[in-house]
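A short write-up of the structure that comes next.
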Amino acid sequence: MSVTGKPGLAKRLSYLPGRARQVITRGAAKNPVLRWSQRTLVAGEHRREIDAVAAGQRRYVHDLEGEARSYPLLRRNVHRLEKGLIMRPRRESFAADYIGATVKTYVKATAVPDFDPGELQWASDVMTAYFATVSHKHPKIAEAHRLFAAAALQTDPAAVKFIPYERDLQNQPVTIEQFEQLCMRRRSVRWYEQRPVDRALIDRALQAAGQAPSACNRQPFFFRIIDDPERAHEIAALPPGTKGFAHQVPVVAALVGRLRAYPLTRDRHAIYIDGALAAMSLMFALESLGLASCAINWPDQEPEEANIRKALDLDADERVIMLIALGWPSPSGMVPRSIKKGLDEMRSYG
């Protein structure tokens, strides 16, 4: 709101009907005034993202200073240590500028009763390997090692360590022909049998999806699974592209990005990249279990945004990336052929 209590210019422009927007956009290439109006219009439409990014930065600081079940800073920095450990040639000393903050966050994590055990074990193993590898001549590394040694987890020496390893290049679990078949079989299915989906199957697919690559392993997303049929129908009906089939979708997965994983504005788009990678892995995993899915585009517009934020009780930094319908496919349900772009239209070399 402006200081007068009236909506600002960007807000007022956002109320313009589609025809007026088209006129401004078409004329912006030649008319500086219209170009300024277009920029103002676009800025107003990005207000939700701006507010969410700011809320995410506040939440990042809040969580880091308090108790949380996972610390993005710890995940990011431990991954950075891993990359340092695999460098060839490996440097005698590295990470001096961030190892102190990493160890302090690790020490804090050991005191949180319900901290993610996998994250804590991974951090402990990687930092143990790090301190066993680097020179302690640097005072920051020496001090960090002292703090780490006092708080490090006591683990079974014979247990598998969560540290960098050499891949098994001899056994290829899936051939390219098998993977191509999976890719061709996976299609957006919109018609489902009206029977429940075992949560154990969904969880198995989600575990596979969690192996998708993520920037510095921060995994800034969360899957909200709605498997009560009546509620699933309500959520599936929120985006405008589901008219005609939302009423019989048995399960909906809402993929939610969490901007609290980042202290810097530059990373604001990582939730969409990392979330989309996980979503594709999830849909392949569901297909391999005999389940079908449909990726549902989510529009960044009102009133849809307000409706889903209320329906899912989202925090200020959380943004819906997409919805995924899933369930047992109807034997008689048809799917669009959806011929994809040819190779020449989707790549070039050099």
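What length, rounded to one decimal in nm, is gained on full extension from Thr133 through to Arg19, with 0.36 nm per residue of separation minus their alpha-carbon distance?
Using 0.36 nm per residue and subtracting the Cα-Cα distance, I get 34.6 nm.
Tilt of helix 99-110 relative to the longest C-alpha principal axis of the chain, in degrees (0 to 90, nearest 10)?
Approximately 80 degrees, to the nearest ten.
Picking from Trp122, Trp191, Trp328, which is most flexible by a Gaussian network model of the chain using Cα springs under 10 Å?
With Cα springs under 10 Å in the chain, the top fluctuation among Trp122, Trp191, Trp328 is at Trp122.
Measure nothing but the geometry: give the 0 to 90° angle between the long axis through the Cα atoms of 47-65 and the longest principal axis through the Cα atoms of the chain, rounded to 10°.
Here the helix axis deviates by roughly 20 degrees.
Do you know the relative contact order of the chain, to the nearest whole percent, from alpha carbon pairs under 8 angstrom that are 6+ apart?
This gives 20 percent for the chain.
Going toward the positive end of the dipole of the chain, with +1 on Lys and Arg Cβ and -1 on Asp and Glu Cβ, which of Asn297, Leu314, Ala158 do you reach last?
The residue sitting farthest along the positive end of the dipole is Asn297.
Between the helical axis of 72-86 and the dominant principal axis of the chain, each derived from Cα atoms, what acute angle in degrees is found, rounded to the nearest 10?
Tilt of helix 72-86: around 60 degrees.
So how strong a dipole does the stretch 166-222 carry about its Cα centre when Lys and Arg Cβ are +1 and Asp and Glu Cβ are -1, to the nearest 20 debye?
Approximately 340 debye in magnitude.
Taking θ = phi - 60°, what integer Hz values does the Karplus form 6.51 cos²θ - 1.76 cosθ + 1.60 yield along the stretch 313-327, in sequence order, with x for Gly and Pro?
Couplings: 6, 6, 6, 4, 9, 8, 10, 6, 8, 6, 10, 10, 7, 8, x Hz.
In the stretch 191-288, which trypsin sites (Lys or Arg not before Pro) fall in coil by DSSP and have 13 or fewer other Cβ atoms within 10 Å?
Lys243
Suppose the chain between His269 and Arg69 were pulled fully straight at 0.36 nm per residue; how much longer would it get relative to their current alpha carbon spacing?
Working: separation 200, 0.36 × 200 = 72.00 nm, distance 2.33 nm.
Taking 0.36 nm per residue and subtracting the Cα distance, the gain is 69.7 nm.
Pick out which of Leu323, Leu282, Leu314 has the largest mean-square fluctuation in a Gaussian network model of the chain, springs linking Cα atoms closer than 10 Å.
Residue with maximal mean-square fluctuation among Leu323, Leu282, Leu314: Leu314.
Could you list, bin by bin from short to long, the percent of Cα-Cα pairs of the stretch 176-327 in 10 Å steps?
11, 41, 36, 12, 1
What is the dipole size for the chain, taken about its Cα centre, with +1 at each Lys and Arg Cβ and -1 at each Asp and Glu Cβ, in debye to the nearest 20? Display every interim value, and only then the final one.
Values: 50 positive and 39 negative charges, 328 e Å.
Dipole about the Cα centre, nearest 20: 1580 debye.
In whole percent, what relative contact order does the stretch 218-303 give with Cα contacts below 8 Å and a gap of six or more residues?
It rounds to 32 percent for the stretch 218-303.
Based on the Cβ-Cβ distance of Met346 and Glu304, what FRET efficiency does E = 1/(1 + (r/R0)^6) give at R0 = 22 Å, to the nearest 0.05?
Given R0 = 22 Å and the Cβ-Cβ separation, E is 0.15.
From a point 7 Å beyond the Cα of Ala96 in the direction of its Cβ, which residues of the stretch 138-164 have a backbone N at a distance under 17 Å?
In the stretch 138-164, the label zone of Ala96 (backbone N under 17 Å from the point 7 Å along Cα→Cβ) covers 138-146.
Multiply the residue gap between Asp51 and Lys30 by 0.36 nm, knock off their C-alpha separation, and tell me the result in nm, one decimal place.
Separation in residues times 0.36 nm, less the Cα-Cα distance, equals 4.4 nm.
What is the diffusion coefficient of the chain in µm²/s, taking the Kirkwood radius over Cα pairs and the Stokes-Einstein relation at 37 °C with a viscosity of 0.692 mPa s?
On the way: Rh = 23.7 Å.
Estimated via Stokes-Einstein, D reaches 138 µm²/s.
No value in this document is a laboratory result; all are computed from the given coordinates. Please read all numbers here as calculations on a predicted model, not as lab measurements. Neighbour counts are summed over all protein chains in view; Cβ atoms, including those assigned to glycine, are modelled from backbone coordinates with ideal geometry.
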